[in-house]
Amino acid sequence: MPDSIAVGAPAPTFSLRNLGPGPDPYGLADAAADHDGLLLLFQRDYLCGNCRKQVAHVKTRYEEFAAVDAEVASVLPESPERTRDWQASVELPYPVLADPDGETGDAYDQPVRFGALGNLFDLVGRMPLALVVDLRDEPTISSAFPGTRPADRPALDDLLAACRAVTEGASGGSDPERA
């Protein structure tokens, strides 16, 4: 499996339980109905302190993502029950998706280290991944920020710039039907 999904590649489709705001289940079509871009934050697991810090920072600047017509969604490799508990502790204003078998993380090539051990234990093996998906036309990976260490997270300004690059590329400005 490659270290990260290729920029320019089609975004794999998914439909996951959403324990945060928005439709349940949630997938690319749901994001595309209202936004030109989607920032997917693939978390390591329920216990990851770096994940909680990252989403707390995104939460404080969520309106900036919304202002550039980009939705944010966190993907947790956990059961819906654990994802619900995680969402109750972080109270995110955007979708929080349960990926209990890690299949969506795998489809998006979320980095995993330590071989078989890493595949058995998310906290040890699964690394963070942030992806920006261009939702205009066919969903396509626009930017990828794979982590190589548990604390390896892109700066929020870089994520916002990647989202802005997608949405500013939209012809004709904002879609009046989405207003």
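The values are calculated or read from the model by the stated rules, or taken from the named source; none is laboratory data. Remember, it's a predicted structure, so these values are computed and weren't measured experimentally. Cβ sites come from the backbone with ideal geometry, for glycine too, and all protein chains shown count toward neighbours. The area values use the complete protein model at the heavy-atom level, side chains included, leaving out ligands, DNA and RNA. Shrake-Rupley method; radii C 1.70, N 1.55, O 1.52, S 1.80 Å.
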Taking Arg82, is it open to solvent by 10 Å² or more (accessible area, probe 1.4 Å) and touching a Pro at 6+ places or on another chain (Cβ under 9 Å)? yes
The stretch 143-176 - residue that is open to solvent by 50 Å² or more (accessible area, probe 1.4 Å) and of a type in the set (Ser, Thr, Tyr) and, of those, modelled with the highest pLDDT: Thr148
Does at least one position in the stretch 2-18 carry a residue that is in contact with a Pro (Cβ under 9 Å, 6 or more places away or on another chain), more than 21 Å from Val166 (Cβ to Cβ) and in a helix (DSSP H, G or I)? no
What number of residues in the stretch 45-65 are under 15 Å from Pro154 (Cβ atoms) and crowded, with 19+ Cβ neighbours inside 10 Å? 5
Among (1) modelled with pLDDT under 95; (2) in contact with an Asp or Glu (Cβ under 8 Å, 6 or more places away or on another chain); (3) under 22 Å from His35 (Cα atoms), the one test that Trp86 misses: (3)
Taking the stretch 133-157, which residues are farther than 14 Å from Ala70 by Cα and under 12 Å from the mean Cα position of the chain (by Cα)? Ala144, Phe145, Pro146
Check whether at least one residue in the stretch 38-53 is part of a strand (DSSP E or B) and touching a Phe, Trp or Tyr at 6+ places or on another chain (Cβ under 6 Å), and report yes or no. no
Could you tell me how many of the residues in the stretch 19-37 are touching an Asp or Glu at 6+ places or on another chain (Cβ under 7 Å) and either within 26 Å of Asp85 (Cβ to Cβ) or outside any loop (DSSP other than H, G, I, E, B) (or both)? 4
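Considering only residues that are assigned to a loop (DSSP other than H, G, I, E, B) and open to solvent by less than 10 Å² (accessible area, probe 1.4 Å), look in the stretch 100-110 and name the one that is farthest from Thr140 (Cα to Cα). Can you show your working first?
Let us first name the residues in the stretch 100-110 that are assigned to a loop (DSSP other than H, G, I, E, B), namely 100-102, 108-110.
Going one step further and asking which of them are open to solvent by less than 10 Å² (accessible area, probe 1.4 Å), we end up with 102, 108, 110.
On the way: Gly102: 21, Tyr108: 12, Gln110: 16 Å.
Only one residue fits best here, namely Gly102.
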